[in-house]
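Read through the structure below, which is laid out as structure tokens, and then see the notes.
Rule-based calculations on the coordinates, nothing more; no lab input. Values in this document were obtained by computation on a predicted structure and should not be read as measured data. Reconstructed Cβ throughout: ideal geometry from the backbone, glycine too, with neighbour counts over all protein chains shown.
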Amino acid sequence: SLVGATTLHEGALVNIVPFDGNRHGTPRKEAHPAPDEKLLNYLARRFVDEQPAMANNPEFPGGVKQGSDWYPLYGGIQDYAYLLHSVYTTTVEMNNRKWPPESELEALWNQHRLSMYAYLKAYITEGLTIQVEPPSSDELEGEDVVVTMITSEMGRPVRFKSTASDGVHGVHYPVPAGEYALKVEWGEGEAIHRV
């Protein structure tokens, strides 16, 4: 399943993390961080660390901004993918000029290429992948299985149905190196593991 995504945009030079909308549904700028704020900021930093112009942007110190605290937006793909599908999403505002001419696209790619590769590496080859094989029992066929990252702000619960034909399920959290506590629950059973 999809773990992470980013949308590319212009009009500023900053990496935006959820939520884009505030708690009140108003156009007022106010912080409304996602429950996984620590993980989302880590992923955004992976991009910004390879992007000196973004990291040193005086308008957005550090190059990362929480969406609703800058430009409240409702109905966007970033919050939709995060809330409905548990996809870790960010929006990269690639440059200060809205609608750059085609002649500038290659330069924009060159400016952001290493950052995009850093994102891919963080999402795909780094982190923690949990292999879950629910107990084989006819009683558990079709039961909900929930993998929960217990370590605060570092991942959302992942739910799926157990089936004998599915076998092992993989759940990936694109987290930095460290120690994490996870809980796996199914039917009437559960297991807590620290990795």
Can you find, among Ser115, Leu73, Pro100, the residue farthest towards the positive end of the dipole of the chain? Put +1 on the C-beta of Lys and Arg, -1 on that of Asp and Glu. Pro100
Could you name the lysines whose alpha carbon sits less than 24 Å from that of Lys183, not counting residues in the same chain fewer than 8 places away? Lys38, Lys161
Using a Gaussian network for the chain with springs between C-alpha atoms less than 10 Å apart, which of these wobbles most: His169, His32, His24? His24
What is the magnitude of the charge dipole of region 6-117 about its Cα centre, with +1 placed on the Cβ of each Lys and Arg, -1 on the Cβ of each Asp and Glu, and no other charges, expressed in debye to the nearest 20? 240 debye
Could you point to the label whose value was computed as Kirkwood radius over Cα pairs in Å for the structure here, given (i) 17.8; (ii) 21.9; (iii) 18.2? (iii)
If contacts are Cα pairs under 8 angstrom and at least 6 residues apart, what is the relative contact order of the chain in percent? 25 percent
What are the residues whose amide H is under 5 Å from the amide H of Tyr88, where those residues sit 5 or more places off or on another chain and H is modelled from the backbone? Gly4, Ala5
How big is the dipole moment of region 32-84 about its Cα centre under a simple scheme where the beta carbon of each Lys and Arg is +1, that of each Asp and Glu is -1, and everything else is neutral? Debye, nearest 20, please. 60 debye
